[in-house]
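Below is one structure, written out as structure tokens, with a few remarks after it.
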Amino acid sequence: MQIEIPKDNWQGSVNTVTLGATPEEGGTRTRTVTIGGQQTLPFLHFEQTPPNRPVIALEITAARPGDWSPVLLDAWGDAIDDPGNWAGACESAGADLIVLSLGLTEADGRSADPESAVRATKSTLGGTGLPLIVLGPGQAELDNDFVIAVADATKGERLVLGLCEDSNYRTIVAAAMANDHLVVGRTPMDVNLAKQLNILITDMGLPLDRIVMDPTTGALGYGIEYGYSVMERLRIAALQGDAMTQLPLLVNPGAEAWKTKEAKVGEGVPDSWGKWEERASNWETVTAVALIEAGADIVVLRHPDSVTRVRNALDELMAVG
Amino acid sequence: MALTGIQIYKLLPQTNCKECGFPTCLAFAMKLGAKQVELSDCPYVTEEATAQLAESAAPPIRLIELVGEGHQIRVGNETVLFRHEKTFYNRPGLLISIQDTLDETAIEQLAKTVDAYGVDYVGVDLRIDGLAIEATSGDAARFAEAVRAVRRVSDLPLVLVGEDPAVLGAGVELLEGEKPLLIGANARNWDSMAELALQNGAALGATAASLEELAELTEQLRSKGVEDIVLHPGAARMGPTLAMQTQIRRLALKNFRPLGYPTIEFVGGSDDGRQQAVLATQAISKYAGLVVLDAFSPELLYPLLVLRENIYTDPQKPIQVQPALYEINNPTPQDPVLVTTNFSITYFSVANEVEGSGIPAWLLVTDAEGMSVLTAWAAGKFDAESIAKAVKQFDVAARVERHDIVLPGHVAVLSGELEEELPDWNVLVGPREAVDLPAFMKTVLSEGSTVH
Ligand code: SF4
């Protein structure tokens, strides 16, 4: 029987974005990461060979995180106490890039400041040759101070700086423009809010090949269906040709999954939840793979085991036969 | 797809005899097209027309029911490619496979464990839907023993897996009154498998490596009279499986009947058992009707069952709880008020944490149209005004003397406005995540109690 396979013929495509810069390109990275370029829904090889594969980032923090699950602390051991060592361990674990989250306090309990943010960034860059994403602590004023300092001190590295939000993006975008960096914008699970922020950022003159968007997803069991559908809708709009949705998608299954009770808590939970470490790891993996199916270009994880599994999934998804 | 009124008109007698209660056949056809009348209202419609109309009214993906001794699985009947277009309707069945080479006690034990497994998720009892018994031994007597062993302890619907009709037959004949699924027919054995399925009232799986072969096989099965078919696309890896599943769904929705059936995926069998998490995630997200895992592991089943709930939630109908002032751990008027939205997952995570902390509190749930805190805030459904409104509506000031009201950390920006809306209240900002509430309540809330 002869069957005509229904193929979509999209007009639009996802922007191609390169993170990191090698010494020849004005940075210090040993390799760069390129994402985007798709002209189909995820992994439909029969319509187009995916030009780039989604990549896996591992998240580290500038100082030992106070609120991470002991499962994660155990997995990384002492490396956690130094961003450079930690980043190196992430590279060994198979990460394609690193996300450095700057916090409010330093290891010794003092308040973090722009200098300590730069120190942590430099230490991370020293510990790995992978491209880097640097995120402020999540308070507008500090975000701006920290990110300006980091952007100035790392000119030419093509870092991704964040988080840009609709209430606070100008300073970060300006810092990225002045120092050859990229930015990531985050909006709360809504197609139109995502588009709006992208319009605001591009209106400042930052070219589209230097922006990625984080549409926020929710974790498995805690609203992932909203994030999943917002991602699918954004990606379909991008393929239909809507320029303000054509940015590669960055999502945080690691942070989302590891704040759930299912991942975080080992005792006093129902037996039907099963073994803690394995459950926690599955929570992260399942969240990540579901978001990859919905169109994620960068998944930010926290546990080294999840990297192995998600990488296997990507290998299989990129294979044709 | 359903026929239009004009298409239906062509199938009617066109005599305008008015016996259906309409002045013309065309008028009746239009009503029929709009599904406002029944075809049987016309006494003169031919058998052929009835068949054609029934065919056109059939859903693009056939609904298949598997029945055990009481429990059943319903899959198929899907109408969209993406859940946001409408919704996915019938949750894929999750099954655990059992090898007939295990000894009988082991089989009983496994079946019993699967049968008893249940896990609570936002008040819903999630369960495994069935068992797949694999005729790995190739021996009819042994296979029959395995089926008997399973049936001694479990009444879940069964899938019988094997290529030899004689072996599967020894199992399926023990399941009288049930509707199991046989996996199944392939290019070599389809004739005798079709007979076996028909004799025993079983649904039949069709296994093939390409769409063309799959479509040919289902046509062959249909020609023998088999209607309840499940597709078993034979792609081995995730990429090719995704391609096949996508193509099957697209073709089925275009009314390509030979592929208009639900699918089954076996996600076990890899060296690394944990890799099942990855394969099953894709199967649940992308179009599988039945998913068979090869091990029972609660730490994997729980997340997969939750994923299935999430993906199959109707996007048009967020699951909500009643807006109200809830009491947790028997609060007194001296206890604080926490605020959240009426999205059920939000409510349950907050309520669970507060309950788990053992600290009494009031939980004020506002009407945010079933959205989570962030989504509702972004959509303007959760703001200072709506919170103040809920405080009035549920008479909070009269029931609680201590006027501490705690906002979710995600909407810290609302605290200024809320202070203006509720001048008699002390507005506090809680943690962003529910899981951090107990610590917050132990420190911040037990320190400062402000009674106005
Ligand atoms: S009863 Fe049948 S034949 Fe008579 S008018 Fe109605 S549709 Fe036409």
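The values are calculated or read from the model by the stated rules, or taken from the named source; none is laboratory data. Quick caveat, the model's predicted, so the values are computed rather than measured. Because the Cβ atoms are built from the backbone with ideal geometry, glycine has one as well, and the counts that use them run over all protein chains shown. Each accessible area value is taken on the protein alone, full model and side chains, heavy atoms only, with ligands, DNA and RNA left out. Shrake-Rupley method; radii C 1.70, N 1.55, O 1.52, S 1.80 Å.
Got at least one residue in segment A:264-276 being out of contact with any Phe, Trp or Tyr (no Cβ under 9 Å at 6 or more places or on another chain) and either crowded, with 24+ Cβ neighbours inside 10 Å or touching a residue at least 60 places away in the same chain (Cβ under 8 Å) (or both)? The answer is yes, given that some residue of segment A:264-276 is out of contact with any Phe, Trp or Tyr (no Cβ under 9 Å at 6 or more places or on another chain) and either crowded, with 24+ Cβ neighbours inside 10 Å or touching a residue at least 60 places away in the same chain (Cβ under 8 Å) (or both).
Quick check: is even one residue across segment B:19-41 away from chain A (no Cβ under 14 Å), away from the ligand (no atom under 16 Å from the Cβ) and loosely packed, with under 15 Cβ neighbours inside 10 Å? Among the residues of segment B:19-41, not one is away from chain A (no Cβ under 14 Å), away from the ligand (no atom under 16 Å from the Cβ) and loosely packed, with under 15 Cβ neighbours inside 10 Å, which makes the answer no.
Yes/no per residue for (1) open to solvent by 60 Å² or more (accessible area, probe 1.4 Å); (2) not in a helix (DSSP H, G or I):
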position	(1), (2)
B:48	yes, no
B:77	no, yes
B:105	yes, no
B:115	no, no
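Being free of Cβ contacts under 8 Å to residues at least 12 places away in the same chain and not polar (S, T, N, Q) is the filter; apply it to segment B:1-18 and report the residue that is nearest to the ligand (Cβ to nearest atom). The residue in question is B:18.
Yes or no: segment B:383-397 includes at least one residue that is within 22 Å of residue A:217 (Cα to Cα) and touching a Leu at 6+ places or on another chain (Cβ under 9 Å). Don't jump to the end; show me each part of the working.
Let us first name the residues in segment B:383-397 that are within 22 Å of residue A:217 (Cα to Cα), namely B:383.
If we keep only those that are touching a Leu at 6+ places or on another chain (Cβ under 9 Å) as well, we get B:383.
Checked against the condition, which is being within 22 Å of residue A:217 (Cα to Cα) and touching a Leu at 6+ places or on another chain (Cβ under 9 Å), segment B:383-397 yields at least one hit.
Residues of segment A:159-193 that are within 14 Å of chain B (Cβ to nearest Cβ), of a type in the set (S, T, N, Q) and touching a Ser or Thr at 6+ places or on another chain (Cβ under 9 Å): A:187 alone. Does residue A:28 satisfy the condition of being open to solvent by 40 Å² or more (accessible area, probe 1.4 Å) and away from chain B (no Cβ under 13 Å)? In short, yes. Residue A:302 falls short on exactly one of the conditions (1) within 11 Å of chain B (Cβ to nearest Cβ); (2) closer than 20 Å to residue A:65 by Cα; (3) among the charged types (D, E, K, R), and that condition is (1). Only one entry of B:145, B:134 meets the criterion of being open to solvent by 10 Å² or more (accessible area, probe 1.4 Å) and closer than 15 Å to residue B:173 by Cα, and that entry is B:145. Can you report the number of residues in segment B:202-215 which are touching a helix residue (DSSP H, G or I) at 6+ places or on another chain (Cβ under 8 Å) and within 14 Å of another protein chain (Cβ to nearest Cβ)? Qualifying residue count, segment B:202-215: 5. The number of residues in segment B:113-168 being within 14 Å of chain A (Cβ to nearest Cβ), among the acidic types (Asp, Glu) and more than 22 Å from residue B:267 (Cα to Cα) comes to 2.
Look at residue B:244 and say whether it is in a helix (DSSP H, G or I), open to solvent by 10 Å² or more (accessible area, probe 1.4 Å) and in contact with a Pro (Cβ under 7 Å, 6 or more places away or on another chain). The answer is yes for residue B:244.
Against the definition (within 10 Å of chain A (Cβ to nearest Cβ), in contact with a His (Cβ under 9 Å, 6 or more places away or on another chain) and either open to solvent by 20 Å² or more (accessible area, probe 1.4 Å) or not aliphatic (A, V, I, L, M) (or both)), how does residue B:315 come out, yes or no? Steps first, please.
On the way: within 10 Å of chain A (Cβ to nearest Cβ): yes; in contact with a His (Cβ under 9 Å, 6 or more places away or on another chain): yes; either open to solvent by 20 Å² or more (accessible area, probe 1.4 Å) or not aliphatic (A, V, I, L, M) (or both): yes.
Against the criterion (within 10 Å of chain A (Cβ to nearest Cβ), in contact with a His (Cβ under 9 Å, 6 or more places away or on another chain) and either open to solvent by 20 Å² or more (accessible area, probe 1.4 Å) or not aliphatic (A, V, I, L, M) (or both)), residue B:315 qualifies.
Only one of the numbered conditions (1) assigned to a helix (DSSP H, G or I); (2) facing another protein chain (nearest Cβ under 10 Å); (3) out of contact with any strand residue (DSSP E or B) (no Cβ under 6 Å at 6 or more places or on another chain) is violated by residue A:257, and that is (3).
Consider segment B:185-201 and keep the residues that are touching a helix residue (DSSP H, G or I) at 6+ places or on another chain (Cβ under 6 Å) and among the hydrophobic types (A, V, I, L, M, F, W, C). The one that is most open to solvent (accessible area, probe 1.4 Å) is B:190.
The single condition among (1) in contact (Cβ under 8 Å) with a residue 60 or more places away in the chain; (2) more than 7 Å from chain A (Cβ to nearest Cβ); (3) more than 19 Å from residue B:66 (Cβ to Cβ); (4) among the aliphatic types (A, V, I, L, M) that residue B:259 does not meet is (1). If you go through segment A:9-21 and keep only what is surrounded by 15 or more Cβ atoms within 10 Å (Cβ to Cβ), on the phi < 0 side of the Ramachandran plot and either of a type in the set (Asp, Glu) or part of a loop (DSSP other than H, G, I, E, B) (or both), you end up with A:10, A:12, A:13, A:14, A:15, A:16, A:21.
Could you tell me how many of the residues in segment A:46-79 are within 30 Å of residue B:245 (Cβ to Cβ), in a loop (DSSP other than H, G, I, E, B) and in contact with a Leu (Cβ under 9 Å, 6 or more places away or on another chain)?
At the first step, the residues of segment A:46-79 found to be within 30 Å of residue B:245 (Cβ to Cβ) are A:46-57.
Narrowing the set further to residues that are in a loop (DSSP other than H, G, I, E, B) leaves A:46-54.
Filter once more, so that each one left must be in contact with a Leu (Cβ under 9 Å, 6 or more places away or on another chain): A:47, A:50, A:53-54.
Within segment A:46-79, residues that are within 30 Å of residue B:245 (Cβ to Cβ), in a loop (DSSP other than H, G, I, E, B) and in contact with a Leu (Cβ under 9 Å, 6 or more places away or on another chain) number 4.
Among the residues of segment B:362-379, none qualifies, meaning not one is in a loop (DSSP other than H, G, I, E, B), more than 11 Å from chain A (Cβ to nearest Cβ), among the aliphatic types (A, V, I, L, M) and open to solvent by 20 Å² or more (accessible area, probe 1.4 Å).
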